[in-house]
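The values are calculated or read from the model by the stated rules, or taken from the named source; none is laboratory data. These figures come from a predicted structure and were not determined experimentally. Every residue, glycine among them, receives a Cβ derived from its backbone with ideal geometry; neighbour counts consider all protein chains shown.
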Amino acid sequence: MYWADPNLDQQARTISGGTAKDVTDGLQALISRDFQFAHPRDSVGSLVAVVGLRVHHGVIDIVQLYGEDDADAARIPGDEPDVLFPQTVIWRTTGRAREVIKQVLALEDPVELAGSAAGCWVPTHAGRSAWLAASA
């Protein structure tokens, strides 16, 4: 498997191990690839998930970790109005957190699509946030 950055190759091999440290290393590798993270909470303030988002090359990559054994990831078009419940999905995977992260790190950048995506996380209320796509 080809990796643009040899350090990411080492991190991806580490993730296939099986410990919580592997997930932490994977999250650090995602951060090094410009993923931004939000930590949605329920009404009593308990962490519900760790959600990472990366906007690039006209697409949005999203990773959602609910637990060490429960995660999913998707690549969606950059103009998708609802990133958490997309109507169009280019690629998707589910499984153990370390395996999902490993697959996301293995994704190649797509050819730039027309109308690159842009936006930011905005707080909606206590402990919650939503992705707001830029309109121009």
(message) With the requirement that a residue be over 14 Å from the mean Cα position of the chain (by Cα), under 22 Å from Gly26 (Cα atoms) and at pLDDT 90 or above, what does region 42-66 give you?
(response) Leu47, Val48
(request) Would you please name the residue that is farthest from Asp72 (Cα to Cα), looking only at residues in region 84-93 that are surrounded by 13 or more Cβ atoms within 10 Å (Cβ to Cβ) and of a type in the set (Val, Ile, Thr)? (result) Ile90
(message) Restricting to region 28-57, give me the number of residues that are out of contact with any strand residue (DSSP E or B) (no Cβ under 6 Å at 6 or more places or on another chain), part of a helix (DSSP H, G or I) and either surrounded by 19 or more Cβ atoms within 10 Å (Cβ to Cβ) or charged (D, E, K, R) (or both).
(response) 1
(request) Considering only residues that are surrounded by fewer than 14 Cβ atoms within 10 Å (Cβ to Cβ) and touching a strand residue (DSSP E or B) at 6+ places or on another chain (Cβ under 8 Å), look in region 94-109 and name the one that is modelled with the highest pLDDT. (result) Thr94
(request) Test Asp82 against the stated conditions and say whether it is under 23 Å from Ala20 (Cβ atoms), at pLDDT 80 or above and of a type outside the set (Gly, Ala, Ser). (result) no
